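First up is the structure itself, then whatever we jot down about it.
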Amino acid sequence: MEVDAKGAIYLTTKNGTFPIALTSLNSRDGNAAQDIPKILLATTKNDTSLHWSDVSDDFLFTNYLNETHDYKNLHVSKRNNYKRSINDAVSKNITLVLENLLKNYENSQLPTHGKGYPTVVQTNILIRSMGPVSELDMDYSMDCYFRQYWRDTRLSFLGPIRSLSLSIKMLERIWRPDTYFYNGKHSYVHTITVPNKLLRISQHGDILYSMRLTIKAKCPMELRNFPMDRQSCPLILGSYAYSNQQLVYQWQNSQSVNFVPGMTLSQFDLISFPYRNFTFTRREGDFSVLQVSFNLQRHTGYFLIQVYVPCILIVVLSWVSFWIHREATSDRVGLGITTVLTLSTISLDSRTDLPKVRYATALDWFLLMSFFYCIATLLEFAGVHYFTKVGSGEIVIDDSEWEELIEEVGGDAFAARQLAVRRRSSSRSATNLNFLPTQGNCTNGGEDLPPPPEQTSVRLTMERTTQTERRVPRWRQLLYCLAGDDRYRRQRQIEAGKRGHINSVSHIDKAARILFPASFALLNLFYWMIYAFSSDDFAWSDNPMNTLSH
């Protein structure tokens with residue numbers, strides 16, 4: 001141990017005044033042994049020794065605090081000076097590294113130029129959000145962090161730090177891969193508040209180049225099964241100018257494509273996202289290309305609520321006319337036209353977000369089927385009205401009778417028809433009088449007698465029966481209906497006028513009440529079995545560039 005003198009004081013007691021030397025004990029290696037001041041020497045002119053009992057405790061404690069504070073301040077000051085000197089040395093070193101890093105550096109040449117093997121660029125993507133996916137434009141958008149790694153030994157350095165995070169201005173002074181997206185339509189780098197780019201260089205020349213991109217890429221879609229379809233939207237990237245003999249792209253590892261936890265799409269479910277490396281042959285040569293395919297399954301809930309269920313209800317509504325009496329012509333026609341126009345509105349609205357493709361989608365087939373049933377309802381009533389509802393509204397006049405009427409009224413056709421109506425009405429009234437009950441006579445005091453029991457069931461018209469001509473086979477009647485035989489129709493009108501009764505419910509309406517709902521349910525069953533339960537598996541295309549413009 002060595003003695004390091006710190007100062008001296010004088011102490012006056014009842015025995016006299018004595019000089020006192022205060023010291024601290026330090027180890028030879030410079031570390032503090034004990035920060036307790038010791039009174040090593042106290043002498044007087046009479047060589048009288050000073051005892052410990054003559055020194056007060058307050059005095060010793062005060063000197064101890066002063067000693068300790070001075071030592072600690074000296075230690076902290078030395079440590080700060082040491083750190084400051086290290087930081088200054090590192091800063092000078094980094095400055096020298098940056099100054100010497102780009103000396104004799106040619107940024108137009110690849111890192112492996114002249115070495116006989118290509119430069120390898122490893123890539124990974126972290127996707128922050130995805131969507132929207134547009135069927136009309138056949139594209140999709142996503143926001144991601146796009147990272148590239150490669151080694152440029154020309155940028156290796158020796159220094160006190162392992163890696164340097166540099167300004168993006170260095171990007172213009174070093175070589176970097178000319179990566180572009182083969183199916184990109186409109187992509188951009190975020191620049192708020194500064195360009196979102198990162199450049200980091202390690203001691204061995206390993207470079208990390210990261211940027212935040214919003215990519216809008218082309219997605220060729222097959223919409224035959226829309227809205228129960230599955231789409232595969234690719235993202236294809238590679239070098240624009242360097243062939244695979246100069247530059248090779250690779251996915252970094254098995255987790256090269258990742259998504260931010262909780263990311264969802266509004267209209268699709270992300271089933272899988274496989275990725276691969278392959279070689280694409282262009283006119284300029286073979287190029288290394290990376291591809292990732294986002295396999296999507298569409299949600300059908302929106303279309304069920306907005307299209308399918310309303311269409312089914314509208315078709316069912318059109319069948320109400322089968323239970324409306326055929327005498328209510330305006331009601332049945334108005335109901336049929338309303339359902340057709342409503343379906344037209346739904347059809348036009350559902351096609352606004354779809355491209356004008358050359359084929360019919362699954363939704364188109366369903367709308368066509370609904371149109372067919374609504375129009376068939378109108379045509380069914382037209383058949384009922386035209387071929388079976390006769391003798392209740394039209395005045396059938398033979399040619400000979402028409403000539404006689406024309407001569408009587410002096411050639412006025414309107415007056416001739418009015419005359420025919422009056423004559424026909426009077427003849428029907430006379431016919432109806434034959435069915436009236438007998439009135440009372442004088443033998444009963446002039447009072448009306450009740451009609452005989454057998455006459456109470458007689459009405460002004462006969463019981464309503466269908467007016468199907470039984471002497472003509474039904475298949476022939478159908479042919480007459482389809483051909484629109486006017487001669488047969490006039491014959492039916494004449495026969496109806498002679499019978500003088502009104503038609504009942506048509507056999508066609510009775511059959512339609514069963515055939516229309518049964519056939520519509522059967523077609524719906526086949527429709528949903530074909531489209532909902534049949535789905536194509538995703539597979540890699542042999543040449544994905546066939547559908548992408550280069």
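The values are calculated or read from the model by the stated rules, or taken from the named source; none is laboratory data. The model shown is predicted, which means the values in this text are computed figures rather than measured ones. Positions of Cβ are generated from backbone atoms using ideal geometry, with glycine treated the same way; all protein chains shown enter the neighbour counts. Please note that ligands, DNA and RNA were not included when accessible areas were found on the heavy atoms of the full protein model with its side chains. Shrake-Rupley method; radii C 1.70, N 1.55, O 1.52, S 1.80 Å.
For residue 196, indicate whether it is free of Cβ contacts under 8 Å to residues at least 24 places away in the same chain, at negative phi and surrounded by 13 or more Cβ atoms within 10 Å (Cβ to Cβ).
yes
Mind checking whether some residue in segment 499-518 is under 30 Å from residue 368 (Cβ atoms), exposed (fewer than 12 other Cβ atoms within 10 Å of the Cβ), of a type in the set (A, V, I, L, M, F, W, C) and modelled with pLDDT of 80 or more?
Yes, segment 499-518 has at least one match.
Which residues, counting only those in segment 319-334, are farther than 15 Å from residue 506 by Cβ and aliphatic (A, V, I, L, M)?
Within segment 319-334, 320, 333 meet the criteria.
Given 165, 210, which one is assigned to a strand (DSSP E or B), hydroxyl-bearing (Ser, Thr, Tyr) and exposed (fewer than 14 other Cβ atoms within 10 Å of the Cβ)?
165
Could you tell me whether any residue of segment 278-298 is buried (at least 17 other Cβ atoms within 10 Å of the Cβ), touching a helix residue (DSSP H, G or I) at 6+ places or on another chain (Cβ under 6 Å) and within 30 Å of residue 345 (Cα to Cα)?
No, the conditions are met nowhere in segment 278-298.
Restricting attention to segment 254-277, which residues are open to solvent by 20 Å² or more (accessible area, probe 1.4 Å) and among the hydroxyl-bearing types (Ser, Thr, Tyr)?
Residues of segment 254-277 open to solvent by 20 Å² or more (accessible area, probe 1.4 Å): 254-255, 258-267, 269-277.
Residues satisfying the conditions are 254, 264, 266, 272, 275.
I'd like to know if segment 353-367 contains one or more residues that are farther than 27 Å from residue 223 by Cα, open to solvent by less than 30 Å² (accessible area, probe 1.4 Å) and at pLDDT 90 or above.
Within segment 353-367, not a single residue is farther than 27 Å from residue 223 by Cα, open to solvent by less than 30 Å² (accessible area, probe 1.4 Å) and at pLDDT 90 or above.
So for segment 253-262 (the condition being touching a strand residue (DSSP E or B) at 6+ places or on another chain (Cβ under 8 Å), farther than 18 Å from residue 124 by Cβ and of a type in the set (S, T, N, Q)), does at least one residue qualify? Spell out how you get there, then give the answer.
From segment 253-262, those touching a strand residue (DSSP E or B) at 6+ places or on another chain (Cβ under 8 Å) are 253, 255-260; that's our starting set.
Next, only the ones that are farther than 18 Å from residue 124 by Cβ stay: none.
No, segment 253-262 contains no residue that is touching a strand residue (DSSP E or B) at 6+ places or on another chain (Cβ under 8 Å), farther than 18 Å from residue 124 by Cβ and of a type in the set (S, T, N, Q).
Residues that are in contact (Cβ under 8 Å) with a residue 12 or more places away in the chain, farther than 23 Å from residue 510 by Cβ and under 21 Å from the mean Cα position of the chain (by Cα): does segment 308-318 have at least one?
Checked segment 308-318: at least one residue is in contact (Cβ under 8 Å) with a residue 12 or more places away in the chain, farther than 23 Å from residue 510 by Cβ and under 21 Å from the mean Cα position of the chain (by Cα).
Pairs please, first residue from segment 476-501 and within 15 Å of residue 383 (Cβ to Cβ), second anywhere and at pLDDT 70 or above and open to solvent by 30 Å² or more (accessible area, probe 1.4 Å), Cβ atoms under 7 Å, 6+ apart in sequence or on different chains.
488/480
Assess whether residue 276 counts as being of a type outside the set (Val, Ile, Thr), under 30 Å from residue 111 (Cα atoms), modelled with pLDDT under 95 and under 30 Å from the mean Cα position of the chain (by Cα). Break it down into steps so the answer makes sense when it comes.
Details: of a type outside the set (Val, Ile, Thr): yes; under 30 Å from residue 111 (Cα atoms): yes; modelled with pLDDT under 95: yes; under 30 Å from the mean Cα position of the chain (by Cα): yes.
Yes, satisfied.
Out of everything in segment 310-332 that is open to solvent by 20 Å² or more (accessible area, probe 1.4 Å) and charged (D, E, K, R), what residue ends up being modelled with the highest pLDDT?
331
Taking into account only those residues within segment 225-240 that are in contact with a Ser or Thr (Cβ under 6 Å, 6 or more places away or on another chain) and assigned to a loop (DSSP other than H, G, I, E, B), which is nearest to residue 361 (Cα to Cα)?
Looking at the filtered set, the residue picked out is 226.
Looking only at segment 217-232, count how many residues are of a type in the set (Lys, Arg) and either at pLDDT below 90 or buried (at least 17 other Cβ atoms within 10 Å of the Cβ) (or both).
Residues flagged as of a type in the set (Lys, Arg) and either at pLDDT below 90 or buried (at least 17 other Cβ atoms within 10 Å of the Cβ) (or both) within segment 217-232 amount to 2.
A quick yes/no check of all residues on (1) assigned to a loop (DSSP other than H, G, I, E, B); (2) open to solvent by 40 Å² or more (accessible area, probe 1.4 Å):
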residue: 105; (1), (2): yes, no
residue: 113; (1), (2): yes, yes
residue: 137; (1), (2): yes, yes
residue: 145; (1), (2): no, yes
residue: 176; (1), (2): yes, yes
residue: 180; (1), (2): no, yes
residue: 192; (1), (2): yes, yes
residue: 200; (1), (2): no, yes
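Can you pull out the residues in segment 216-256 that are among the aliphatic types (A, V, I, L, M) and within 30 Å of residue 113 (Cα to Cα)? Give the steps one after another, and end with the answer.
The first filter runs over segment 216-256 and keeps only residues among the aliphatic types (A, V, I, L, M), leaving 217, 221, 223, 228, 235-237, 241, 247-248.
Hits for segment 216-256 are 235, 236, 237, 241, 247, 248.
Restricting attention to segment 149-160, does a residue exist that is touching a Gly at 6+ places or on another chain (Cβ under 7 Å), open to solvent by less than 50 Å² (accessible area, probe 1.4 Å) and aliphatic (A, V, I, L, M)?
Within segment 149-160, one or more residues are touching a Gly at 6+ places or on another chain (Cβ under 7 Å), open to solvent by less than 50 Å² (accessible area, probe 1.4 Å) and aliphatic (A, V, I, L, M).
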